[in-house]
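**Student:** The structure's right below; bear with me while I get my questions together.
Values in this text are rule-based calculations from the coordinates and carry no lab data. Note that the coordinates shown come from a computational prediction; the quantities given were computed from them, not determined experimentally. Positions of Cβ are backbone-derived with ideal geometry, glycine not excepted, and every protein chain shown enters the neighbour counts.
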Amino acid sequence: MKAGSNLEKVFESGEFAVTAEIGPPQSSNPEPLTHHAKMMKGSADAFNLTDNQTAVVRLSSIASAAIIMKEGIEPVIQMTCRDRNRIALQSDLLGASAIGVRNVLCLTGDHQTFGNEKSAKSVFDFDSVSELYTFDRLRTEGVQSGGEKIEDPPKVYLGCAENPFATPYEFRAMRLAKKIAAGADFVQTQAIFDMDMFESWMDEVRGRGLDKKVHILAGVIPMKTAGAARYMKNKVPGMIVPNYIIDRMKKASDPKEEGIKLCVEQIETLRTVKGVHGVHIMAVMWEEMVPRIVEMAGLMPRPAPK
């Protein structure tokens, strides 16, 4: 055991893991986080807290983690390289570990021009691979990126993100291999709608033996409307949404119910894919549906934290 996180224990036990996502508010009010934590408790093994996602200013992921831990649920803090140099990244990792955060997802980060501070100066001192390498060395050897030794290294379980659908496709499994070599313990993928294409990526992953070296959480997004499906297909880079899914949502008498049903079907399919160790549910601004989706997918109750 590297960190003693609940998510780590679920993976090591061989259970099919479930993680979900909570978006911190665009304010200093902790109530939305407390509300979601109470509502979603018990429906997942750990909950991602996004780090100023899409470069929009929000309550920090580390502060958000402290808030939801008071409600008895385990956080996965996201840490992007966009806003921090190597000093700040390592400092925040030490701080997060000190307050009991045990899961960290390492991300390069969305470019600032996507968000609400377009003139902000980006940092990108590291990318996600070098961030993983630095954090892994810090936790295992107690050595900072500059070579200085520290006492009491952080106890953290390290994750990364991967998009099986980004171009050039032939390098996606290779990039995951680099992240594993850098120290990743688990990976959360981009939302999957094209199962055949995902299977092709998993063939490459299994061919390289990567599914034996890292725990793979396949990403899913429940959709509310056909318009949302079209937006993801046409506007979100690296997102593949087949036309039959858009048509199915368009023809549905109740699109929201159809979106939930589709998400559950996707989870059921992903559970049969060799090398997939869990799912990551990204119910963007629809967090209240997570317990229902997990229940309908036959993944309740979750293993009790040890």
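**Student:** Testing the spin-label approximation: label points 7 Å from Cα along Cα→Cβ at Glu257 and Arg175. State their distance in nm.
**Tutor:** In this crude label model, Glu257 to Arg175 measures out at 3.9 nm.
**Student:** Expected output is a single nm value to one decimal: the length gained when fully extending between Glu31 and Asp152, i.e. 0.36 nm times separation in residues minus the C-alpha distance. What is it?
**Tutor:** Separation in residues times 0.36 nm, less the Cα-Cα distance, equals 40.2 nm.
**Student:** Here is a further query. Pairs Lys38/Lys261; Lys41/Lys261; Lys155/Lys235; Lys179/Lys250; Lys9/Lys41: which exceed 27 Å Cα-Cα?
**Tutor:** Lys155/Lys235; Lys179/Lys250
**Student:** By average Cβ neighbour count within 10 Å, what is the ranking of 119-126, 44-51, 130-137, 92-99 from highest down?
**Tutor:** 44-51, 130-137, 92-99, 119-126
**Student:** Another question, then. Gain in length, Val284 to Arg208, computed as 0.36 nm per residue apart minus the alpha-carbon separation, to one decimal in nm?
**Tutor:** Stretched fully, the Val284-Arg208 segment lengthens by 24.1 nm.
**Student:** Measuring from label point to label point, each 7 Å out along Cα→Cβ, what is the Ser91 to Met39 span in nm?
**Tutor:** So the label points at Ser91 and Met39 sit 3.5 nm apart.
**Student:** So what's the back-of-envelope 222 nm ellipticity for the chain, counting only DSSP H runs of four-plus at -39500 (n - 2.57) apiece and dividing by all residues, rounded to 500?
**Tutor:** It lands at -12000 deg cm²/dmol.
**Student:** In addition: To the nearest 20 debye, what is the magnitude of the charge dipole of the chain about its Cα centre, counting +1 on the Cβ of each Lys and Arg and -1 on the Cβ of each Asp and Glu?
**Tutor:** In total the dipole reaches around 160 debye.
**Student:** Compute the long axis of helix 31-40 from its Cα atoms, compare it with the longest principal axis of the Cα atoms of the chain, and write down the angle in degrees, 0 to 90, nearest 10.
**Tutor:** The two axes meet at around 60 degrees.
**Student:** Moving on. Compare the Cα positions of Pro154, Phe11, Ala229 along the charge dipole of the chain (+1 at Cβ of Lys, Arg; -1 at Cβ of Asp, Glu; about the Cα centre) and return the one farthest towards the positive end.
**Tutor:** Ala229
**Student:** Treating the angle as unsigned and between 0 and 90°, give the value, to the nearest 10°, between the Cα long axis of helix 86-98 and the longest Cα principal axis of the chain.
**Tutor:** On a 0 to 90 degree scale, this one is about 80.
**Student:** In nm, what is the difference between 0.36 nm times the number of residues separating Met300 and Ile99 and their Cα-Cα distance?
**Tutor:** The span from Met300 to Ile99 would gain 69.5 nm if fully extended.
**Student:** Projected onto the charge dipole of the chain (+1 at Lys/Arg Cβ, -1 at Asp/Glu Cβ, origin at the Cα centre), which of Thr167, Gln144, Leu89 gives the Cα projection farthest towards the positive end?
**Tutor:** Most positive-ward Cα: Thr167.
**Student:** Using amide H atoms built in the peptide plane, which far-off residues or other-chain residues are under 5 Å from Gly183 H to H?
**Tutor:** none
**Student:** Next up: Using only Cα atoms, find the angle between the long axis of helix 226-235 and the longest principal axis of the chain, and express it within 0 to 90 degrees, rounded to the nearest 10.
**Tutor:** Taking the Cα atoms of the chain, the angle to 226-235 is about 50 degrees.
**Student:** List the trypsin sites (Lys or Arg not before Pro) within the range 17-64 that DSSP assigns to loop and that have no more than 16 neighbouring Cβ atoms inside 10 Å.
**Tutor:** Lys41
**Student:** While we're here: Which whole-number percent is the relative contact order of the range 6-296 (Cα, under 8 Å, 6+ apart)?
**Tutor:** Result for the range 6-296 is 18 percent.
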